Amino acid sequence: MSLRRHIPNAITSMNLLCGLIGVVFALRSRLDIAFYCMLAAAVCDFLDGWAARKLDAVSDFGKEMDSLSDLLSFGLLPALMLCLLMQTFRFDTGWLCWIPLVMTLFSGLRLAKFNTDSRQGDRFLGLPTPAAAMLCGALCCYCVNSPTGFLSTWAAGPVFVPLLALCLGGLMVCDLPMFSLKFHKGDSRTMTVKRWTLLAFIAVSVVFCLIFGHHISLAVVLAMLFYILNNLVYALFKL
């Protein structure tokens, strides 16, 4: 096997490493840095698949390694961050602060489902694990950097974070069709419009945060919420 066929797996290893570092920073109550580690893991998660296709190095080993890395970076890390977020606000949550850990369970089910379901190509069935993780990680980062913001006020209560974790977990394992952001030559016009609409909304969200002085993590929260709501509308009206 040539050296280039090991490149995608090396990138996947960086995904795993970023997730591990993120867990360490989360345990040290640095949820902001943990989120940046999650972002780095997401970049590696995108690049390893791209590299595997470009180098003709797609393999079952790489597929399994990718899922194991995703379970840590986008399953355990966001769940841990949500638990620690509730404790950071020193709310008397008791056992409620452990509920977000179910996201790790749902992530494992989601990844196993994705690996064994041949129906998922240019679209997903259920919320992709990285998307759910980005929403949770960005929420934690925003709350840490904007403790008086409206999202921080919600997160300080005993219901919002556990309910969010349960809703995202349910979305991950359901059969709700959700479009992928990967562009393909044979994409339909409708699919192309869906993707460009999301990208345009992300750009608008970033500009909004820069103009009004919000932390940039709010743009990620808004983008992920828009992605979920968009797909719910598309499924409802069969678009």
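To the nearest ten degrees, helix 129-145 and the longest principal axis of the Cα atoms of the chain are 30 degrees apart. Taking 0.36 nm per residue of sequence separation and removing the Cα-Cα distance, the F61/S13 pair yields an extension gain of 16.0 nm. Here the stretch 3-179 is assigned +1 on the Cβ of each Lys and Arg and -1 on the Cβ of each Asp and Glu. Its dipole about the Cα centre then comes out at about 160 debye. Relative to the longest principal axis of the Cα atoms of the chain, the long axis of helix 77-88 lies at roughly 10 degrees. Each helix, a run of at least 4 DSSP H residues, gives -39500 (n - 2.57); summed and divided by the residues of the chain, these come to -23000 deg cm²/dmol at 222 nm.
According to the Kirkwood relation over distinct C-alpha pairs, the hydrodynamic radius of the chain is 18.4 Å. Between the helical axis of 7-27 and the dominant principal axis of the chain, each derived from Cα atoms, what acute angle in degrees is found, rounded to the nearest 10? The angle comes out near 10 degrees. The trypsin sites (Lys or Arg not before Pro) of the stretch 23-112 that meet both conditions, a loop assignment by DSSP and at most 12 other Cβ atoms within 10 Å of the site Cβ, are R28, R90. Put one equal scatterer on each alpha carbon of the stretch 1-58, apply the Debye formula with no solvent term, and list log10 I(q)/I(0) at q = 0.29 1/Å to two decimals. With no solvent term, the Cα-only Debye profile gives -1.00.
Applying both filters, DSSP loop and at most 14 other Cβ atoms within 10 Å, to the trypsin sites (Lys or Arg not before Pro) of the stretch 171-227 gives K182, K185.
Coordinate-derived values only; no laboratory data. Predicted model only: the values in this text are computed from it and were never measured. We place every Cβ from the backbone using ideal geometry, glycine too, and count neighbours over all the protein chains shown.
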